[in-house]
Amino acid sequence: MRVIGLMSGTSYDAIEAAAADLVLDSDVLRLHFLGHLSVPYPDEVRGLIAAALPPAVTTTRAVCMLDTRIGQAFAGVAERALGELCDGCADLVVSHGQTMHHWVEDGVVRGSLQLGQPAWIAEATGLPVVSDLRSRDVAAGGQGAPLVGMTDTLLLRGLPGTPAALNLGGIANITVLVPGAGPLAFDTGPANALLDAAVGHFTGGAVAYDADGQRAAAGRSHPGLLRVLLDDPYYRRSAPKSTGKEHFHLPYLQRALETLPAVRPEDVLATLARLTAATVTDACRAHGVTQLVVSGGGVRNPVLMGMIAEELPGVPLRPSDELGLPSDAKEALAFAVLGFLTVHGLPGTLPSGTGARRAALLGSITPGLSPLRLPEPAAHPPRVLRIAP
């Protein structure tokens, strides 16, 4: 089955599309990567998203507009992926949409809202669309995140020791395979979320992120600010747990800074990089991680990667590219895998990873232009993911 996965993370800078041929062969899921596109959001849409994200107050009109505008943007990227990556021939589109709110109360997830109306994608491509992949896990008592845990688990199986996969997006999440235990997946805390917010603030919106970590490299970690940030109760919660920009945003950082004498902007950025490194490595040490496979935009920040390596001496860090999954495309491919599982009648979550009562069949399906015909349900789920050359 040829599947297109669509993803936009909490940084909401671009829509990622990745295409793959997927075949379930007994307990092996074989993936042949076809290519990847990264398409920036139109400025208008990015502005609408920024204006509606917490802690901003929004309206139902703005939410309705966003659902349409994001859906149209995803549809345009899906059309490009169909033509440029799939030679005009695919079977399914899987759309994560854009997370606008992840509702957490006292560690319990009550709901998770992703916008991007899938009807626009189905109409533009003529293909069926799997979307709204988080809600069913939440309804089953899970965190609804990180859903990349299923793909990570299939990818890491067979690696020696206690391997883990780390994704450094707006939020950092990790999947750990401890021998003899169920896979564990959780959000460790912010990755680029606070860094991007700080850069935007200090540059008056002229710059969106710290390219190559250059600004952080010019500063030094501020011990007082780091202590204040690490005092957040989120870090002391047990997994499974999840978080988002509802919690880690610019006013959150500003409140921390108000408790201290003035801190230089470059020192703030160095401290935020150290915060991510410290919370990631605390999680790795707590579970005895022996090798770390890294993906996401944070891979391109040498300051952040250097700090993680510094705090995990003896633990090899390797990009997911070395295992066959391009770092920039990994999350979009992960959602392609989840949609493939859904249409084959297979669950896309692991209860040990999300905390759900049971493994849930994820998502809703929007038919394409032809009558909806699903494959025969698979006899059993995959145990391992193999990347075809």
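Brief remarks follow.
- Residue among LEU312, LEU317, LEU346, LEU362 that is open to solvent by less than 40 Å² (accessible area, probe 1.4 Å), in contact with a helix residue (DSSP H, G or I) (Cβ under 6 Å, 6 or more places away or on another chain) and free of Cβ contacts under 8 Å to residues at least 60 places away in the same chain: LEU312
- Some residue of segment 3-19 being farther than 16 Å from GLY297 by Cβ, among the charged types (D, E, K, R) and open to solvent by 10 Å² or more (accessible area, probe 1.4 Å): no
- Condition check for GLY297: modelled with pLDDT under 95, surrounded by 15 or more Cβ atoms within 10 Å (Cβ to Cβ) and not hydrophobic (A, V, I, L, M, F, W, C): yes
- Exactly one residue out of LYS245, LYS241 is modelled with pLDDT under 95 and not aliphatic (A, V, I, L, M), and it is LYS245.
- Against the test of being surrounded by 15 or more Cβ atoms within 10 Å (Cβ to Cβ), of a type in the set (A, V, I, L, M) and not in a helix (DSSP H, G or I), the options VAL57, VAL45, VAL94, VAL77 yield a single qualifying residue, VAL94.
- Note on segment 1-18: residues that are assigned to a strand (DSSP E or B) and out of contact with any Phe, Trp or Tyr (no Cβ under 8 Å at 6 or more places or on another chain) total 4.
- Verdict on LEU168 being within 18 Å of the chain's Cα centre (by Cα), open to solvent by less than 30 Å² (accessible area, probe 1.4 Å) and more than 22 Å from ARG318 (Cβ to Cβ): no
- When the criteria are applied in full, LEU85 fails the requirement of being under 21 Å from VAL148 (Cβ atoms), touching a helix residue (DSSP H, G or I) at 6+ places or on another chain (Cβ under 7 Å) and not charged (D, E, K, R).
- Filtered by the rule that a residue be at pLDDT below 95 and either more than 17 Å from GLY47 (Cβ to Cβ) or in contact with a Cys (Cβ under 8 Å, 6 or more places away or on another chain) (or both), segment 194-209 gives no residues.
- Those strands (runs of 3 or more DSSP E) lying entirely in segment 308-389 with at least 2 residues among the β-branched types (Val, Ile, Thr), more than 22 Å from PRO160 (Cβ to Cβ) and modelled with pLDDT of 95 or more: 364-366
- Number of the exception - THR276 against (1) at pLDDT 95 or above; (2) assigned to a loop (DSSP other than H, G, I, E, B); (3) touching a strand residue (DSSP E or B) at 6+ places or on another chain (Cβ under 7 Å): (2)
- Some residue of segment 208-225 being touching a Phe, Trp or Tyr at 6+ places or on another chain (Cβ under 6 Å), buried (at least 24 other Cβ atoms within 10 Å of the Cβ) and of a type in the set (Gly, Ala, Ser): no
- When the criteria are applied in full, GLY144 meets the requirement of being touching a helix residue (DSSP H, G or I) at 6+ places or on another chain (Cβ under 7 Å), at positive phi and not hydrophobic (A, V, I, L, M, F, W, C).
- Every pair of residues 6+ apart whose Cβ atoms lie under 7 Å, when the first sits in segment 107-134 and is modelled with pLDDT of 95 or more while the second is acidic (Asp, Glu) and not in a loop (DSSP other than H, G, I, E, B): LEU115/ASP67; GLY116/ASP67; GLN117/ASP67; ALA124/GLU79; THR125/GLU79
- Segment 104-159 holds no helices (runs of 4 or more DSSP H) entirely within its bounds that carry 3 or more residues that are surrounded by fewer than 19 Cβ atoms within 10 Å (Cβ to Cβ) and touching a strand residue (DSSP E or B) at 6+ places or on another chain (Cβ under 6 Å).
The values are calculated or read from the model by the stated rules, or taken from the named source; none is laboratory data. Keep in mind it's a predicted model, so treat the numbers as computed, not measured. We place every Cβ from the backbone using ideal geometry, glycine too, and count neighbours over all the protein chains shown. We work out accessible area using only protein heavy atoms, side chains counted, and drop any ligands, DNA or RNA first. Shrake-Rupley method; radii C 1.70, N 1.55, O 1.52, S 1.80 Å.
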